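The values are calculated or read from the model by the stated rules, or taken from the named source; none is laboratory data. It should be emphasised that the depicted structure is a prediction, and the values quoted were computed from it without experimental measurement. No Cβ is skipped: glycine too gets one built from the backbone with ideal geometry, and neighbour counts run over all protein chains shown. The area values use the complete protein model at the heavy-atom level, side chains included, leaving out ligands, DNA and RNA. Shrake-Rupley method; radii C 1.70, N 1.55, O 1.52, S 1.80 Å.
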Amino acid sequence: MLTYRTLGREDSRSMGEKLGGLMQETDVSDAKQRVLDTAEMLFMQRGYNAITLRDIAAELGIRQASLYYHFPRGKEQLYVEVAQRAFERHRQGMVHALAEAGPDFARQLQAVADWFGSQPEMNLGSMMHSDMPALSEEQARYLGQVAYDCLFEPLHNAFIAAHERGEIRYINPNVLTGSFLAILDGMSYSTRSMDRPSREEMIADVISVLLDGLRIHPAAAERCSTEADSAHASSGAALDATTK
């Protein structure tokens, strides 16, 4: 069966490592790079199904036929290269962020969140649930594996390492990794809402809830109760003053 996978997979090496090595060795022409950049912007903004090669060519100001020089098998081939390039970029960014943060899990989570915040929106949920199902079964399965190795694996390993260092209790790392990535992916939608907190505030709250939980410990509960009573007393006094 013919395949147009740009990158292969060996059982002895993770997809992320394989992608990184091959992408560094491959000389991507400026023209192809421009096509990939433009296609990524359009695919991420509007989704695979809503974008045609004609749209991409129009955005680039070239003839549609010119796209087949770099992507002879059409839109699906282009999308696969766009997606795997984006996944590999995030893998490298996360690995670097985790290493720079050092062995402090709160700082590691903050570093990963900062990395995602510094990048164009990827809309991972839409990619997984709308875009990939529109691909051929083989390419969808392939990209799913690339996504796991590039996006899931670095953070998954960080959760495991944090548990082994005694920083967090054991919770299934698959659940933790998937939840954190979903929150980061969905945060772009939250930041568009009215009266929204800043992304930095949301990240701080998410990490606090993830590491400390929502339940208030006894000492903290007593302090919160005292603060609430004080606030209630102050508001009551202010109300009395306005009615006199």
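For segment 49-181, with all protein chains present and a 1.4 Å probe, just round the carbon and sulfur fraction of the accessible area to a whole percent.
Whole-percent figure for carbon plus sulfur exposure: 52.
Please turn the phi angles of segment 96-103 into ³J(HN,Hα) values with the Karplus equation 6.51 cos²θ - 1.76 cosθ + 1.60 (θ = phi - 60°), one per residue in order, whole Hz, x for glycine and proline.
Rounded to whole hertz, the list is 5, 4, 5, 5, 5, 6, x, x.
Output the peptides 172-181, 60-69 sorted from most to least packed, where packing is the average of other Cβ atoms within 10 Å over each peptide's residues.
Ranking, from highest mean packing down: 172-181, 60-69.
Along the positive direction of the dipole of segment 36-87 (beta-carbon charges: Lys, Arg +1; Asp, Glu -1; about the Cα centre), which of Val82, Ile62, Gln45 reaches farthest?
Highest projection toward the positive end goes to Ile62.
What do you get for Rg/Rh over segment 80-167 if you use C-alpha atoms and the Kirkwood form of Rh?
1.03
Place a +1 charge on the Cβ of each Lys and Arg in segment 58-150 and a -1 charge on the Cβ of each Asp and Glu, then give the dipole magnitude about the Cα centre in debye, rounded to the nearest 20.
220
Using a probe radius of 1.4 Å on heavy atoms only, what accessible surface per residue do you get for segment 89-215? Whole Å² is fine.
Per-residue accessible area for segment 89-215 comes out at 54 Å².
Which semi-axis lengths, in whole Å and largest first, follow from the square roots of five times the eigenvalues of the Cα gyration tensor of segment 97-219?
For segment 97-219, the semi-axes come out at 26, 20, 13 Å.
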